[in-house]
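Notes to accompany the following structure.
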Amino acid sequence: MKNNGQKGARLRPIHLLLLLPFAAMLWVSFYNRAEPSLIGIPFFYWFQLLWIPLGALLLWPVYRAEDRDNNGRQQ
Amino acid sequence: MNTVALTVFVLLFGFVTVLGFVAARWRRGDLTQLTEWGLGGRRFGTIVTWFLLGGDLYTAYTFIAVPALMFGAGATGFFAVPYTILVYPILFLCYPRLWSVAHAKGYVTAADFVRGRFGNRMLALAVAITGIVATMPYIALQLVGMEVVIAALGVQGEWALFVAFAVLAAYTYTSGLRAPAMIAVVKDVLIYVTVIAAVIIIPTELGGYAKMFASVGDTKMLLAPATHTNWGAESAYATLALGSALALFLYPHAMTGILSSSSRHVIRRNAVVLPAYSFALGLIALLGFMAIAAGVKDNPAFADGFKTYGNNFAVPALFLQMFPSWFVGVAFAAVAIGALVPAAIMSIATANLFTRNIYREYIAPDCEPARESQVAKIASLVVKVGALFFIVALPQSYAIQLQLLGGIWIIQTLPAVLLGLYTRWLNPWALLIGWAVGIASGTAMAASLNFAKSIYAVTIFGVTIPCYAALSSLILNLIVSVVLSAIFNALNSERADETLAEDYL
């Protein structure tokens with residue numbers, strides 16, 4: 001049976017970057033601690049807040065790579 | 001009554017009302033077509049979509065309920081942050097495909113896609129009904145957010161809520177999705193101003209963040225650590241974040257936000273820029289701890305509020321205590337307008353589902369496009385009246401319990417919708433049975449907890465693992481869907497897929 005939607009999905013190694021936020025956020029034991037604190041904010045809180053911009057930054061190279069991929073295909 | 005705050009509040013509310021009606025003329029389209037009324041003509045670019053999805057996903061109820069959970073239960077409430085971090089890789093990877101196929105085939109709802117992909121009316125109906133039932137209590141909860149701030153302003157009775165909702169219903173009816181898209185801009189400006197002021201002013205007045213966290217106490221500040229025999233609060237936290245992230249974009253209102261954008265790249269870009277809201281949400285969550293540190297619960301002025309609204313009163317009380325009157329008006333208007341945007345989009349999304357997947361599919365298959373749009377407009381009114389009835393006539397706890405169940409239910413459409421974007425190997429009848437197993441098992445887990453919690457402990461090899469019921473029931477659903485697909489496909493491998501591989505690119 002042919003997998004209709006699969007063609008052209010083009011998952012590439014760079015998409016593995018998207019797994020990093022899952023690894024960081026689901027390993028709760030790692031960040032469920034108070035120290036080191038940052039300007040009085042416990043590690044638990046600032047570590048997770050830090051991952052908001054980190055998660056967005058990780059999407060950026062994937063976005064660029066997909067665009068290059070698309071342009072290459074159209075030419 | 002707080003006259004200054006009330007005046008500012010009413011002025012801001014009046015301003016967005018005017019905007020809501022003016023929106024009908026914005027990027028003018030023929031509002032007698034469902035894609036125009038219900039999807040804004042699929043013309044929203046990156047910036048409008050950013051505001052629209054931001055207003056849609058980060059709702060007033062979130063602004064009240066997340067800090068309320070931090071206030072009452074502590075660190076657990078912060079799961080909203082990892083939840084919104086995990087949402088965006090999923091949005092980025094999967095949903096541009098949905099946009100493309102919807103654009104190629106003219107799909108307005110997720111159920112439209114399932115109908116086209118699997119050629120099965122029953123499965124599409126299951127997806128549509130799940131969406132409608134999961135969204136109704138969500139709309140009702142938006143009213144809770146509005147009700148709390150109206151009460152905090154000192155306005156007695158429910159008439160104010162009726163007025164606010166009548167206004168909302170009227171401009172949603174005339175302007176469709178364009179109204180919340182426009183109002184979302186105002187809502188965001190107000191929310192950001194409020195949040196920035198709050199995180200700068202309040203901790204300073206409370207003597208800094210260190211002092212604030214110290215007053216929260218050790219048990220609330222962190223999760224109870226996992227042990228070898230019980231993963232405890234930590235696995236509850238992780239599964240809540242993951243399950244909520246998987247469920248979010250399956251909700252009809254999120255789907256509407258995605259499908260109204262003008263290209264798949266708008267969605268990809270938004271996955272990169274939407275996290276700005278998550279940061280605001282993280283700071284808003286901390287308002288719950290600020291409320292503890294400020295001692296609002298011991299202030300006799302707020303005793304009535306806490307009695308009626310419970311911990312949901314924590315943030316309004318904090319603002320009343322810490323901000324000057326005029327700024328209280330701004331902050332409360334931000335919450336109330338923050339309720340209008342998602343309530344409008346949710347009612348439009350449910351109306352789209354009803355019209356496309358129930359009315360046109362089962363009641364009037366030959367209806368004209370203008371009639372379709374008219375039915376959707378009326379359906380959006382009915383949905384809002386239903387939500388209002390919910391809040392006014394029934395105890396508030398019903399809406400909260402149903403919304404909790406809604407999350408468990410909506411995630412059961414994941415195999416058909418999300419996996420369906422990548423493969424048609426899954427058999428529609430297998431998906432339907434998997435869906436039913438997921439709904440039944442998830443509901444049973446919640447029922448065993450008296451619908452008060454959604455964390456159900458499973459024991460595997462002697463280790464107790466508390467798990468979000470949506471996630472464990474989804475796993476059952478997936479197992480049933482895959483195993484039965486293998487069996488059904490062996491018996492009969494015919495497919496009625498109207499989509500092509502290139503439709504997804």
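Just so it is clear, none of the values below were taken in a lab; they were calculated from the coordinates. The structure presented is a predicted model; accordingly, all values stated were derived computationally and were not measured. Neighbour counts run over all protein chains shown; Cβ positions are idealised from the backbone, glycine included.
Take the Cα pairs of chain B, get the Kirkwood Rh, then feed it into Stokes-Einstein at 25 °C and 0.890 mPa s and tell me D in µm²/s.
106
For region B:430-477, which chymotrypsin sites (Phe, Trp or Tyr not before Pro) are both in a DSSP coil and crowded by at most 10 other Cβ atoms within 10 Å?
Answer by residue number: B:461.
Just to check I understand the Karplus step: with θ = phi - 60° and J = 6.51 cos²θ - 1.76 cosθ + 1.60, what whole-Hz values come out for region B:352-368, glycine and proline as x?
After applying 6.51 cos²θ - 1.76 cosθ + 1.60, I find 4, 4, 4, 5, 6, 9, 10, 4, 6, 7, 10, 9, 9, x, 9, 5, 5 Hz.
Scan chain B and report its longest stretch carrying no GluC sites (Glu not before Pro) that are both in a DSSP loop and have at most 13 other Cβ atoms within 10 Å.
Within chain B, the longest run free of exposed GluC sites (Glu not before Pro) spans B:1-493.
Label-point separation (nm) for residue B:497 and residue B:393, each offset 7 Å from Cα along Cα-to-Cβ?
About 4.6 nm, to one decimal.
With viscosity set to 1.002 mPa s at 20 °C, what whole-number translational diffusion coefficient in µm²/s follows for the protein assembly as shown from Stokes-Einstein and a Kirkwood radius over Cα pairs?
Rounded to a whole number, D works out at 88 µm²/s.
Pull out the extension gain between residue B:450 and residue B:28, defined as 0.36 nm times the separation in residues minus the alpha carbon to alpha carbon distance; nm, one decimal.
Answer, rounded to one decimal: 147.0 nm.
Tell me the relative contact order for chain B as a rounded percent, counting alpha carbon contacts under 8 Å between residues six or more apart.
31
How crowded by other chains is A:32-40, given as the mean number of beta carbons from other chains within 10 Å of each beta carbon?
Mean partner shielding for this stretch: 4.
Please find the FRET efficiency linking residue B:129 to residue B:105, where r is the Cβ-Cβ separation and R0 is fixed at 25 Å, and quote it to the nearest 0.05.
0.70
What is the dipole size for region B:270-385, taken about its Cα centre, with +1 at each Lys and Arg Cβ and -1 at each Asp and Glu Cβ, in debye to the nearest 20?
60
So how strong a dipole does chain B carry about its Cα centre when Lys and Arg Cβ are +1 and Asp and Glu Cβ are -1, to the nearest 20 debye?
600
List the equivalent ellipsoid semi-axes of region B:249-289 in whole Å, largest first, each obtained as the square root of 5λ for an eigenvalue λ of the Cα gyration tensor.
26, 13, 6
Assigning unit charges at the beta carbon (Lys, Arg +1; Asp, Glu -1) and nothing else, what dipole magnitude in debye, to the nearest 20, does the protein assembly as shown show about its Cα centre?
It comes to approximately 1060 debye.
Filter the trypsin sites (Lys or Arg not before Pro) in region B:362-435 to those in DSSP coil with at most 13 other Cβ atoms within 10 Å of their Cβ, and list the result.
Loop-located and lightly packed - none at all.
From the phi angles alone, apply the Karplus equation (6.51, -1.76, 1.60; θ = phi - 60°) to region B:29-35 and give each ³J(HN,Hα) in whole Hz, x where the residue is Gly or Pro.
Those phi angles translate into x, 7, 6, 8, 10, 5, 5 Hz.
Using a simple spin-label model with points 7 Å from Cα along the Cα→Cβ vector, what separation in nm is obtained for residue A:54 and residue B:94?
Calculated label separation equals 2.4 nm.
Averaged over peptide B:419-425, how many Cβ atoms belonging to another chain are found within 10 Å of each residue's Cβ?
4
Amide H to amide H, which residues 5 or more places from residue B:464 or on other chains are under 5 Å from it, using H placed in the peptide plane?
B:230, B:231
Tell me, what HN-Hα J-couplings in whole Hz come from the Karplus equation 6.51 cos²θ - 1.76 cosθ + 1.60 at θ = phi - 60° for each residue of region B:304-309, using x for Gly and Pro?
5, x, 5, 5, 7, 10
When Cβ neighbours within 10 Å are restricted to other protein chains, what is their mean count per residue of peptide B:73-86?
Average per residue, whole number: 4.
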